[in-house]
Amino acid sequence: MLGALILLLLNLLVLRLAGAGPRALGIDAPVRRLLEFTAGVLLAAGFAALQLLVLAGLAGFDWVLRPGYGVSDLLGGLRWNVVSVLFEELIFRGALLWLAIRWLGPVRACLLSAAAFGVYHWFSYGLFGDLVTMAYVFVLTGTFGLMLAAAFAWSRSLVLPIALHLGWNLVNNEVFSKGPMGERWLTASVEDAARLGGLEQVLVSIVIPLSMPLLVLLVLNRLPQDGPRSGRIEQ
């Protein structure tokens, strides 16, 4: 949590040096931000759950409760996911993206943020050496990052990208134990449960994960503009 707080202070310092303030990160309009947060979390959580429920249905296994999972586990998982999301959002969708949008325009800035997010996951996942996996992770996380950057540009706030990111991560990491924390709330009833073939693997590993960011990008691009940093992500 301390690291996220330091990052927030650094973001505010950069914005102050650029002649802006906390409003540049969308720290305003509490009712609107609450609606954006709720919608973002529910949408992302729904898509993440859909992916893993479809996986279970196609692979023929069940998600079962992990024995001994309790309140302390839940609180620890919530803390870890919230801090990790804040850390990434403050780096990739904070003051640096705000400045990039001013200097490069929304399209170039969002694409740059997305590419950086994709490359970042090569390091965080330790993927160097396997070009196919590197390309796969870059496309998926880069597209996800593009959605988050576009959400920041459209809403003029960190709230919506944080909500989308948090909803996805909480369901994957904490609910279905698909993250770096290992077994959490639900676990697969059989080993090697994710082994699918052909079109089933494409559906679970590519189609569903890409559906959410592409849908959000389509919706944001059709919404009316609302200021120089929001609305349609175009020049």
Quiz item: Taking segment 147-177 on its own, how many of its residues are under 24 Å from Asp62 (Cα atoms), charged (D, E, K, R) and open to solvent by 20 Å² or more (accessible area, probe 1.4 Å)?
Solution: 0
Quiz prompt | Residue, modelled with the lowest pLDDT, within segment 50-63, restricted to residues that are aliphatic (A, V, I, L, M) and open to solvent by 60 Å² or more (accessible area, probe 1.4 Å) | solution = Leu58
Quiz item: Just to be sure, is Arg108 assigned to a helix (DSSP H, G or I), surrounded by 13 or more Cβ atoms within 10 Å (Cβ to Cβ) and among the basic types (Lys, Arg)?
Solution: yes
Self-check item: Pairs with Cβ under 7 Å, 6+ apart, first in segment 45-68 and closer than 14 Å to Thr187 by Cα, second hydroxyl-bearing (Ser, Thr, Tyr) and open to solvent by 40 Å² or more (accessible area, probe 1.4 Å)
Solution: Phe61/Ser189; Asp62/Ser189; Val64/Ser189
Exercise. Consider Leu75 carefully, then state whether it is of a type outside the set (Ser, Thr, Tyr), open to solvent by 30 Å² or more (accessible area, probe 1.4 Å) and under 25 Å from Ser211 (Cβ atoms).
Key: no
Exercise. Within segment 179-208, work out how many residues are buried (at least 16 other Cβ atoms within 10 Å of the Cβ) and either touching an Asp or Glu at 6+ places or on another chain (Cβ under 7 Å) or modelled with pLDDT of 90 or more (or both).
Key: 4
Quiz item: When Leu203 is evaluated against the numbered criteria (1) under 19 Å from the mean Cα position of the chain (by Cα); (2) in a helix (DSSP H, G or I), which criterion, by number, is the only one it fails?
Solution: (1)
Practice problem: Might you check whether a residue that is open to solvent by 70 Å² or more (accessible area, probe 1.4 Å), among the acidic types (Asp, Glu), more than 20 Å from the chain's Cα centre (by Cα) and modelled with pLDDT under 95 occurs anywhere in segment 27-43? | Solution: no
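The values are calculated or read from the model by the stated rules, or taken from the named source; none is laboratory data. It should be emphasised that the depicted structure is a prediction, and the values quoted were computed from it without experimental measurement. So basically every Cβ, Gly included, is an ideal-geometry build from the backbone, and we count neighbours across all protein chains shown. For accessibility, only protein heavy atoms count, side chains too; no ligands or nucleic acids. Shrake-Rupley method; radii C 1.70, N 1.55, O 1.52, S 1.80 Å.
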